[in-house]
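Step one of this worksheet: look at the structure below.
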Amino acid sequence: MRARLAKDLGYVSSKVGSNAAIFDDDDRILLVRRADDHCWGLVSGWVDSGEDPAETVVREVHEEVGLTATIDDLIGVYGRQASSVNGPHGCVAILYLCSVAPGPITISHEAIDGRYFDIDTVEGWHKNHEHYARTALAFKRSRDTTR
C-alpha cells in the first residue's frame, strides 16, 4: 500500500462521496445494510473520476436499491479526516435530499438489506450516517414548513 501511494505524483486529495436522503410519507428514511460492515447507512457511493456528484447519487440509488431518484435539494457538504477508524483517505461527503419514483426496493450486491426506518429505531449506524440522517430529516421538515 505504501509503495502504491508513494508513486502517486499528483496532489493527494480527499475522496468524494455522494449520499441520498430519501424519505417516505411518514418521514422514515431509506437505509441499506451495507455488505462491507453490516451497518445501516444512507444509499451512497464514491464519485467516479469525471462524474458529477449529483450523477453519482442518482446512479448509486439505482444500483443499490433499484429505484429511480430525483435530487430535490443539496443539504450539505461534510468533511471527515483520515484516521485509523475512518481509513487512509480523508473524505468529503455531499448529502442530497432525494425523492424516488414508486417501485419495489431491489437490493444489489453492495447491500444485504434495505428498507425505510424511523431514525430513532436504527441500531448499528455506518460511520457518521446517523448524523447525516438526522440533519436530512431536520432539513426536510424545515423545507416542508416553508412551502
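With at negative phi, surrounded by fewer than 17 Cβ atoms within 10 Å (Cβ to Cβ) and in contact with a Lys or Arg (Cβ under 9 Å, 6 or more places away or on another chain) as the only criterion, which of Asp26, Asp48 stands out?
Values: Asp26 fails: in contact with a Lys or Arg (Cβ under 9 Å, 6 or more places away or on another chain).
Among Asp26, Asp48, only Asp48 is at negative phi, surrounded by fewer than 17 Cβ atoms within 10 Å (Cβ to Cβ) and in contact with a Lys or Arg (Cβ under 9 Å, 6 or more places away or on another chain).
Can you tell me which residue is nearest to Asp27 (Cα to Cα) among those in region 111-135 that are charged (D, E, K, R) and in contact with a helix residue (DSSP H, G or I) (Cβ under 8 Å, 6 or more places away or on another chain)? Step through it out loud before you land on a result.
Pass one, region 111-135, residues charged (D, E, K, R): 113, 115, 118, 120, 123, 127, 130, 134.
In the following step, the residues that additionally are in contact with a helix residue (DSSP H, G or I) (Cβ under 8 Å, 6 or more places away or on another chain) were identified as 130, 134.
Details: Glu130: 15, Arg134: 11 Å.
Among residues in region 111-135 that are charged (D, E, K, R) and in contact with a helix residue (DSSP H, G or I) (Cβ under 8 Å, 6 or more places away or on another chain), the one nearest to Asp27 (Cα to Cα) is Arg134.
Give the residues of region 93-118 that are of a type in the set (Phe, Trp, Tyr) and crowded, with 20+ Cβ neighbours inside 10 Å, sorted by residue number. Matches in region 93-118: Tyr96 only.
Confirm whether Tyr78 is closer than 17 Å to Lys15 by Cβ and outside any helix (DSSP H, G or I). It is true that Tyr78 is closer than 17 Å to Lys15 by Cβ and outside any helix (DSSP H, G or I). Out of the residues in region 52-75 that are outside any strand (DSSP E or B) and either among the β-branched types (Val, Ile, Thr) or touching a Leu at 6+ places or on another chain (Cβ under 6 Å) (or both), which is farthest from Tyr132 (Cα to Cα)? Selected residue: Thr68.
A search for C-beta distances below 7 Å between a residue of region 73-90 that is among the β-branched types (Val, Ile, Thr) and any residue that is in a strand (DSSP E or B) and surrounded by 14 or more Cβ atoms within 10 Å (Cβ to Cβ), counting only pairs 6+ apart in sequence or on different chains, returns Ile75/Ala21; Ile75/Leu95; Ile75/Tyr96; Ile75/Leu97; Val77/Val92; Val77/Ile94.
Here Asp36 meets each of (1) within 18 Å of Lys140 (Cβ to Cβ); (2) modelled with pLDDT under 95 with one exception, condition (1). Filtering region 27-51 to residues that are within 15 Å of the chain's Cα centre (by Cα), part of a loop (DSSP other than H, G, I, E, B) and under 19 Å from Ile71 (Cβ atoms) leaves Leu42, Val47, Asp48. Every test in (1) crowded, with 17+ Cβ neighbours inside 10 Å; (2) of a type outside the set (S, T, N, Q); (3) modelled with pLDDT of 95 or more is passed by His126 save one, and that test is (3).
The values are calculated or read from the model by the stated rules, or taken from the named source; none is laboratory data. This one's a predicted model, so the numbers in the text were calculated from it and none came from an experiment. Using ideal geometry, Cβ is built from the backbone for each residue, glycine included, and neighbour counts are taken over all protein chains shown.
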